[in-house]
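In what follows, a structure is listed as structure tokens, so that the remarks can point back to it.
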Amino acid sequence: MSTVWQTTNKSRKKLTADIKTLLDAASATDWLGPKTAPVLLKPNLVVSKPASGGATTHPEVAAGIVEYLIDSGYSNIAVAEGSWVGDSTARAFRICGYNDLAEKYGIKLIDLQQDKAVDISINSENFKVCETIAALEYNEGSLINMPVLKGHGQTLLTCALKNIKGCIPDTEKRRYHSLGVHRPLAMINTVIKPAFSLVDGLNGDPTWEEGGSPEKRDLLLLGRDPVSLDVHACRLLNIAPESVSYIALADELGVGSAEISEDDIVYLNNAPKTTADKAPHNQKDTEIRDWINSIVDQRSACSACFGNLAQALKELYETKGEKAMSTEFPRDKKSILIGQDFKGMELPDDKTGIGICACGKEVFGSDVMNNNTVRTLKGCPPSQAAIKKYLS
């Protein structure tokens, strides 16, 4: 189960063919249900940005899988996704090229942000999933996970395990962050089990989940075990797997195995053995991310809220320069507050609150509130542009 297949795609004109070769090599149809049963493709469309920016799954990757399924006799095919809180899945489908994909192949697009929620119990704890996802098992259907190989501002990595977060309602996404995100993320993977994951490693952003600094890697990964895939993904991005807490938690819960060696990797298409020390990486973005984490006190912050703050700070850092920004927001001072844990709290003096949760005890009646020593910017989430303007 822990085998990972890895191939390269140097020519995007051959992408569909390379995906079919990859799926054939693993006999992927053996992992799927009956040919009349539904097959849902779950890409990463966290934001409404084209895949060229390094945040979202290439529609051409989805096209390769769709053609493979059609050639194998499957006809009940759909794409299902729920973008992050604050963005629109419908807009993401359009901007990311999935409307064109659906029209070309005659498949459905399912907006999970508009789906009903279903209650489930995991280890006697209550969770919610989208009804379309919950119905798959009953209908003998299959979920195909299509994450992007990329970094994340909060969890360091987002790949196979974290992509499942798009299968839950927006209210549940917020709740996960109030619970610390790692544990509930590992737990939901015990019940939402893709038939397999095909990872888009063509040009993901190694630092930011919302993209902006893509790096060309030309990789495609395939596997049934999302834990093993994530461990391998960490190594490709120079991330220590043990620093991504949900990986070890998922391993403990039996989702998969974190024990994966070089012998478990099958290299296809003359793919070179890609090790961490050979992997390209934008060191400047890593430095900026480390600086952001040193000045921001984030407590149960939702991905969209923190992501918008991180990108705003990144742009200011790049525009004003390290010296100016480090003077305004010194390292390790934690002068910016963000996250659900600040709701209703009396904010400390000389702090800046970002988002409606960090507005202190003030009545949420205006977009921007200046309260002597405490500054706050309302929004759920506040936009990247609004944050940048406010902090300028």
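The values are calculated or read from the model by the stated rules, or taken from the named source; none is laboratory data. Being a predicted model, the structure only gives us computed values, none of them experimental. Note: ideal-geometry Cβ built from the backbone for every residue, glycine included; neighbour counts use all protein chains shown.
Assorted remarks:
- The set of residues in region 22-46 that are closer than 26 Å to Ile265 by Cβ, hydroxyl-bearing (Ser, Thr, Tyr) and in a loop (DSSP other than H, G, I, E, B) contains only Ser27.
- In summary, Lys173 fulfils each of the numbered conditions (1) at pLDDT 95 or above; (2) within 26 Å of Val231 (Cβ to Cβ); (3) not in a loop (DSSP other than H, G, I, E, B) with the single exception of condition (1).
- Condition check for Asp30: free of Cβ contacts under 8 Å to residues at least 12 places away in the same chain, outside the structural domain of Gln311 (by TED's automatic domain parsing) and either under 23 Å from Leu136 (Cβ atoms) or touching a Gly at 6+ places or on another chain (Cβ under 9 Å) (or both): yes
- Top-ranked residue in region 148-169 [being part of a loop (DSSP other than H, G, I, E, B) and out of contact with any Pro (no Cβ under 8 Å at 6 or more places or on another chain); ranked as nearest to Gly54 (Cα to Cα)]: Leu149
- Note on region 214-257: residues that are among the small types (Gly, Ala, Ser) and either without any contact (Cβ under 8 Å) to a residue 24 or more places away in the chain or surrounded by fewer than 20 Cβ atoms within 10 Å (Cβ to Cβ) (or both) total 6.
- Of residues in region 332-355 being charged (D, E, K, R) and modelled with pLDDT of 80 or more, the one farthest from Trp84 (Cα to Cα): Lys351
- Residue within region 57-76 that is touching a residue at least 12 places away in the same chain (Cβ under 8 Å), of a type in the set (Asp, Glu) and closer than 15 Å to Cys167 by Cβ present: no
- Residue in region 199-211 that is among the polar types (S, T, N, Q), under 24 Å from Pro50 (Cβ atoms) and touching a helix residue (DSSP H, G or I) at 6+ places or on another chain (Cβ under 8 Å) present: yes
- Count of region 103-119 residues which are of a type in the set (A, V, I, L, M) and either farther than 24 Å from Asp170 by Cα or modelled with pLDDT under 95 (or both): 1
- Selection from region 1-13 of residues that are loosely packed, with under 14 Cβ neighbours inside 10 Å and farther than 20 Å from Gly256 by Cα: Lys10, Ser11, Arg12, Lys13
- Neighbours by Cβ (under 7 Å, 6+ apart or cross-chain): first from region 129-153, farther than 22 Å from Ala28 by Cβ; second β-branched (Val, Ile, Thr) and part of a loop (DSSP other than H, G, I, E, B): Val129/Ile168; Val129/Ile192; Cys130/Ile168; Gly151/Thr207
- Inter-residue pairs, beta-carbon under 8 Å, first under 12 Å from Pro59 (Cβ atoms) and in region 87-114, second aromatic (Phe, Trp, Tyr) and at pLDDT 95 or above, 6+ apart: Ala92/Tyr98; Asn99/Phe93; Ala102/Phe93; Leu109/Phe93; Leu109/Tyr98
- When Ile110, Ile77, Ile70, Ile95 are checked against the criterion of being under 19 Å from the mean Cα position of the chain (by Cα) and over 27 Å from Thr207 (Cα atoms), a single residue qualifies: Ile110.
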